Amino acid sequence: MTANPPSRIAQLRQASVAMLDGLTPAQQRCQSHPELSPMLWHVGHVLFMETYWLAERVFGDARITDAWRDLYVPEISAKDERSARLPDADALRAWAAEISEHNDTCWQRARDMAHPLLADGYLAAFLRQHYAQHLETMRLVRAQLGLAECDPAAIDMRAAAPDTAFTPLAAHAVDIGTASIDAYDNEQPVFTAYPPTFAIAERCVSNAQWLGFIEAGGYQNADWWDADGWAWREAAGIAHPQHWRALTNGWFVFAPGSTDIANAPVHGIGWYEARAYARYAGARLPRETEWEAARRAGVLTDVEQVWEWCDDAFYPYPGFRAFPYDGYSLPWFDGGHFVARGASVHSEPEICRPGFRNFYPPTHRHIHAGLRLAST
């Protein structure tokens with residue numbers, strides 16, 4: 001059995017280390033949001049995890065990982081304690097170069113080695129995705145750093161109605177999940193679903209439409225909210241998306257690179273907010289199988305712009321088996337994590353497949369997530 005060539009992994013390593021570029025030492029070490037780790041930690045973590053799965057798990061060599069385990073293993077390193085323990089950027093870059101050379105040698109040795117993790121290129125695919133997911137998170141770190149230091153100025157945006165074009169999909173059988181080697185355990189096994197006839201919005205809800213929700217009293221009308229969501233909104237004082245700022249002369253929306261902010265998909269909202277907007281609009285969130293059926297049918301536009309909240313709590317597919325370890329999916333089938341589909345502008349190609357499932361608590365708003373409506 002052979003391991004896949006590590007060329008893409010080498011690219012992802014380089015992209016990860018490059019995330020330190022252009023940041024001050026304070027920014028590199030800053031915990032920019034309670035749910036995000038410092039940039040230095042993410043860079044060290046992805047290289048550590050490649051070494052853990054390749055050198056330690058395949059070759060039984062824990063010399064490198066033993067030295068860094070208590071910093072880079074998330075379960076034993078609390079987010080708010082990581083910053084002070086991190087090496088500086090120069091030291092981390094030097095360590096990354098050494099680790100990259102070490103791991104490249106391991107990949108070469110693995111080419112003719114028989115090991116369950118190497119079968120059909122599984123480990124290389126698994127690690128490519130791990131790098132890809134953390135690169136997206138590192139872009140979220142940069143967004144939070146930028147949001148904290150920007151000079152807000154009001155944008156020209158008028159509120160829009162929630163009206164949207166819906167595309168009907170007739171009841172049909174659809175295979176749900178991912179059969180290829182790069183699938184995560186929660187995407188398997190593939191099963192056949194039979195969603196009844198439904199209609200789904202062609203486009204995601206825009207910033208202008210979200211402004212309409214705000215101006216209609218969306219954050220003041222409890223009738224549109226779940227009870228838990230309303231309690232959270234009141235306790236946290238939530239009145240707009242996380243990336244928005246209310247100014248005396250209008251709204252500032254943090255969306256670097258966007259040329260048409262009003263019509264761009266809204267992001268910076270949690271599942272509770274998405275559900276409230278759907279009720280305001282006389283619609284609902286799509287169920288996960290509906291979203292995937294529509295994605296596979298090719299009827300969704302502006303995909304891969306924002307993660308799109310679905311109505312479902314994260315759940316195991318029939319016949320689910322945890323692999324390669326219990327901790328990736330199994331702990332989060334707890335009824336308190338909700339599915340987001342579709343990828344975002346921050347996502348790498350490894351993540352952009354119809355069957356990929358993201359999942360978060362309903363209060364998470366720092367992620368690049370928005371919503372697409374389904375008809376009631």
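The values are calculated or read from the model by the stated rules, or taken from the named source; none is laboratory data. Treat the numbers as computed from the prediction; the structure is a model and nothing was measured. Every residue, glycine among them, receives a Cβ derived from its backbone with ideal geometry; neighbour counts consider all protein chains shown. The protein model used for the area step is the full one, side chains on, heavy atoms only, and it has no ligands, DNA or RNA in it. Shrake-Rupley method; radii C 1.70, N 1.55, O 1.52, S 1.80 Å.
Structure values in brief
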item: Region 243-316 shape via C-alpha gyration tensor axes, a/c threshold 1.5; result: prolate
item: In Å, descending, principal axis extents of the Cα set of region 179-218; result: 46, 26, 17
item: Shape category assigned to region 193-240 from the gyration tensor of Cα positions, a/c cut at 1.5; result: oblate
item: Mean accessible surface per residue for region 116-262, computed with a 1.4 Å probe while every protein chain stays in place, in Å²; result: 45 Å²
item: The chain, accessible surface, carbon-and-sulfur percent (1.4 angstrom probe); result: 51 percent
item: Relative contact order of the chain, defined on C-alpha pairs under 8 angstrom at six or more residues apart (%); result: 19 percent
item: Approximate spin-label separation ALA18-ALA154, in nm, with each point projected 7 Å along Cα-to-Cβ; result: 3.9 nm
item: Taking the C-alpha atoms of region 1-109, convex hull volume expressed per residue in Å³; result: 106 Å³
item: Using alpha-carbon coordinates, inclination of helix 288-297 to the longest axis of the chain, degrees; result: 90 degrees
item: Kirkwood Rh in Å, taken over region 296-376 so that all alpha-carbon pairs contribute; result: 13.8 Å
item: Cα gyration tensor shape for region 328-372, rounded if a/c is under 1.5, else prolate or oblate; result: oblate
item: Column: log10 I(q)/I(0), Debye, Cα scatterers of region 225-376, q = 0.11, 0.14, 0.20 Å⁻¹; result: -0.45, -0.73, -1.41
item: For the chain, alpha-carbon Rg relative to the globular expectation (2.2 N^0.38 Å, N residues); result: 1.03
item: Relative contact order %, region 86-207, counting alpha carbon pairs below 8 Å whose residues are six or more apart; result: 22 percent
item: Most to least packed among 109-115, 293-299, 21-27, 218-224 [average Cβ atoms within 10 Å]; result: 293-299, 218-224, 109-115, 21-27
item: Value at 222 nm in deg cm²/dmol, rounded to 500, when DSSP H runs of n ≥ 4 in the chain each add -39,500 (n - 2.57); result: -11000 deg cm²/dmol
